[in-house]
Every structure is written in C-alpha cells, then in structure tokens.
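A quick write-up on the structure given underneath.
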Amino acid sequence: KKLNKETEKGLSHLMINLFLPSLLFSQVAKSIDTDKLVEWFPLPLFGFIWIFLGAFFGWVLGRLILKQQPGEIQFTMAACAFANSTSLPLAMVSSLSGLQSLKIADESTEEVNARGAAYILIYTLVVTVVRWTYGYGLLSYDPPTSLPSVKYDKLKEDVELEALEPAEDGTGLDIRGAADVDVDVEAEDGAEKKRVTPVKLSFLQQIKKTLNPPLYASMLAIFVGTIHPIKNLFFGDDAIFNTSVVGAIETLGDAVVPTALLILGSELHEGPMSTSNFVSKKFIAGVATVKLVVMPMTGLLLVQCCRWMHLPGFNDPMFCYVLLAEAAGPTAINLIVMCSVQGRRAAEMSVVLFYLYIFSVVTLTTCNILFLLVLSS
C-alpha cells in the first residue's frame, strides 16, 4: 500500500533529523582520527573532484545538450554529482575483499574488508558535508521569477527612494534591491494589485539556512573522532558509553537504508512515472551516460595517472579500488529524501533512481571487471 504524503514527509523528516545523523556520528567518529586524515588526504580530495566533475558534466548535459530551464539544470547537476557513496561501495568491498589483487602481503579477508570500509567512511565524511550543503541547495533552487512591468503606487514613508532603481525597460521600478520593504504594485495589463515583499538574507541567516542535522552530526563526529580522550569514552571495548549510548545510536543508524528504500518504493508504487516534461527518455539516457559511463572512465584515467606518479596511498590496490567504486556508482538514494522533505520533484528523482539502479547492474559489473584487471596489472 502506498504511503500517503503526510506519512512520507514524516518519514523523510525522521530520516534527516534522527536516523541519518545517528549513522554519520556512529560510523565516522569510530573510523576517523587525526593520523588517518593526514595519511589518507587523497580520499576527501577526490571526493571534491568527483562531485565537481559530476556537477560540471550535469551542467553540460542540462544547459548545452538538453537546453533545460533554470531549476531543471540544477536538478540534473545534483543527479550527476552525487553518487551512492556508502551502502553500495561497502557491499562491493565486502564481496571483493577476498581477491588477492586487493590484498597487501598476507592480509586476511577481514583485514582487507576493514581497510576498505575505513577508506569509504573517510571519503563519505567529506561527501556528506558537500551533499547536505551544496547538493541540498541545488535541489531547493528557485529560479528567479520575473514580475510583470509595474507602476509605482505607494511606498512606506520610512523607505528611502535610493533603495529602488529604474527598471531596465524604463516602465517602472525595479524592487529587487530593496530589503524588507512592502510595495504595492499594479500590472500594466490591469491585473489586480499584489503586495511584493523582497527579502535579503543576512550572512548569518544564509549560513544558518545551509546547516542541517546531518551536517551537525558530521561536525560532531569529527570533533569526537579526532580528540582521543573523548573518543575513548564512546568507542572501544572498555568505553563507558559504548554499550548504552553508542549502541542505541547505531541501532537508529541502521534504519537509514530501509527508510530511504521505503520512501523510494512509495514514489514508485505505480512504476516510474513523472508529470514533468523534462524527465524524458533523452534525459534519463543522458544522466545514465554521465553517471555510469563517463564518470567511471574519467575516474579510471585520473586514478591511473596518480598510480603512475606514485602519489601517497596509490600503491594500495584497495585504496585505488575505493576511489574507482565511488566514481562508478549510481545517484545517491538520499537525494529522494531531500526532495521529499522539500516537497518538490520527488517523483522525478524516483524515476532517475529507478532506471539508474537497473542500468548499474550491467555497468557496475563491467566496471568492476575492468577496474580489477587494471589494478592487478
């Protein structure tokens, strides 16, 4: 049975405000420390690179190839920039950790798997911060709406006229530069008057707008994970709060994937359907090509260049494989949670996820074969 909109939005808020912050804190704080951040600096660096390349390819696809409108372009950029960076790579590493080509010396399968999981979590730390700031902003982008030509009618007595500028077409006043001003305007075509209230956010308000619970959890995880006396209180066999506090937080974090899949399933209960014109076959094909073909091949080229240059970390085959797996993944499931919370384009995002995860069965299999062949050479 399909979830109603109120239940779906409630689950989305629960996911963002409780489940996801719990997962981020428990996993990141446990895996991170200062030495690992310094030693594994290419992981967060490549996180930024993959996001930048995905957003750039998405912009090219939306702006130059599909000729999309503002708002649609940002949606395409988000779908191309942010991949499934945790659950899918962890599953891939777990299934391939027994391969000799990913081992160093005489490591056991459990040691290889633990090392790969640690790499993924360090990578995810940076990607999560960017996803819930820049990615959330892309999906909430409102294209500027153009007002009809208006005539000056009335201003409050305490408003300085210098806050208003002549409109570019010379027919009225441009009120975009005025902040916290109520202006009565009347369209030239006789339309009824509308009250427009332009609002200019202060710097602190803009910062506050970008902060959210997953970002708070990430910052808290960095603080706890990098200060050993505090970390020892929460993590370790002898930690005071390991069983009581951390155990409860980990249990809440385990609900992230099933909740996200429940929201996705609710959007797809009648199949991949969308009322938006821009989610066409050409659009799906373009996003799938960028995410599942262009990004993996670009990633393979960059990682191979780093291997040839003998940069730190790239002598470890698992290190290289994690970077390649992160570049090859389909769009992040968390994006539909963002869309659902905002109450916009959740159906469109569900269509993207539906097709990309189907296509990724073939592309990820092919990419894994290619990656392992290259890393074993």
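Has the range 314-325 got any residue that is closer than 29 Å to residue 107 by Cα and open to solvent by 30 Å² or more (accessible area, probe 1.4 Å)?
So far as the range 314-325 goes, yes, one or more of its residues are closer than 29 Å to residue 107 by Cα and open to solvent by 30 Å² or more (accessible area, probe 1.4 Å).
Return yes when residue 68 is touching a residue at least 24 places away in the same chain (Cβ under 8 Å), surrounded by 17 or more Cβ atoms within 10 Å (Cβ to Cβ), part of a loop (DSSP other than H, G, I, E, B) and not hydroxyl-bearing (Ser, Thr, Tyr) and no when it is not.
Yes; evaluated as a whole, the condition is true for this residue.
Let's see how each residue does on (1) over 30 Å from residue 37 (Cβ atoms); (2) among the acidic types (Asp, Glu); (3) surrounded by fewer than 18 Cβ atoms within 10 Å (Cβ to Cβ); (4) touching a Lys or Arg at 6+ places or on another chain (Cβ under 8 Å):
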position: 221; (1), (2), (3), (4): no, no, no, no
position: 228; (1), (2), (3), (4): no, no, yes, no
position: 231; (1), (2), (3), (4): no, no, no, no
position: 253; (1), (2), (3), (4): no, no, no, no
position: 264; (1), (2), (3), (4): yes, no, no, no
position: 278; (1), (2), (3), (4): yes, no, no, no
position: 296; (1), (2), (3), (4): no, no, no, no
position: 299; (1), (2), (3), (4): no, no, no, no
position: 305; (1), (2), (3), (4): no, no, yes, no
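If I filter the range 33-40 for residues that are touching a helix residue (DSSP H, G or I) at 6+ places or on another chain (Cβ under 8 Å), in contact (Cβ under 8 Å) with a residue 12 or more places away in the chain, assigned to a helix (DSSP H, G or I) and open to solvent by less than 50 Å² (accessible area, probe 1.4 Å), do I get at least one hit?
Within the range 33-40, not a single residue is touching a helix residue (DSSP H, G or I) at 6+ places or on another chain (Cβ under 8 Å), in contact (Cβ under 8 Å) with a residue 12 or more places away in the chain, assigned to a helix (DSSP H, G or I) and open to solvent by less than 50 Å² (accessible area, probe 1.4 Å).
Can you name every one of the helices (runs of 4 or more DSSP H) wholly within the range 278-361 that holds 3 or more residues which are closer than 28 Å to residue 142 by Cβ and modelled with pLDDT of 95 or more?
Helices (runs of 4 or more DSSP H) meeting the threshold: 281-289.
Of all residues in the range 87-127 being under 18 Å from the mean Cα position of the chain (by Cα), open to solvent by 40 Å² or more (accessible area, probe 1.4 Å) and in contact (Cβ under 8 Å) with a residue 40 or more places away in the chain, which is farthest from residue 25 (Cα to Cα)?
Top of the filtered list is 88.
Say whether the condition of being among the hydrophobic types (A, V, I, L, M, F, W, C) and within 30 Å of residue 12 (Cα to Cα) is met by at least one residue in the range 291-305.
Checking the range 291-305: at least one residue is among the hydrophobic types (A, V, I, L, M, F, W, C) and within 30 Å of residue 12 (Cα to Cα).
The values are calculated or read from the model by the stated rules, or taken from the named source; none is laboratory data. Every value quoted in this text rests on a predicted model; they were computed, and no experiment measured them. Reconstructed Cβ throughout: ideal geometry from the backbone, glycine too, with neighbour counts over all protein chains shown. Just so you know, the surface numbers come from the protein's heavy atoms only, side chains and all, with ligands and any DNA or RNA stripped out. Shrake-Rupley method; radii C 1.70, N 1.55, O 1.52, S 1.80 Å.
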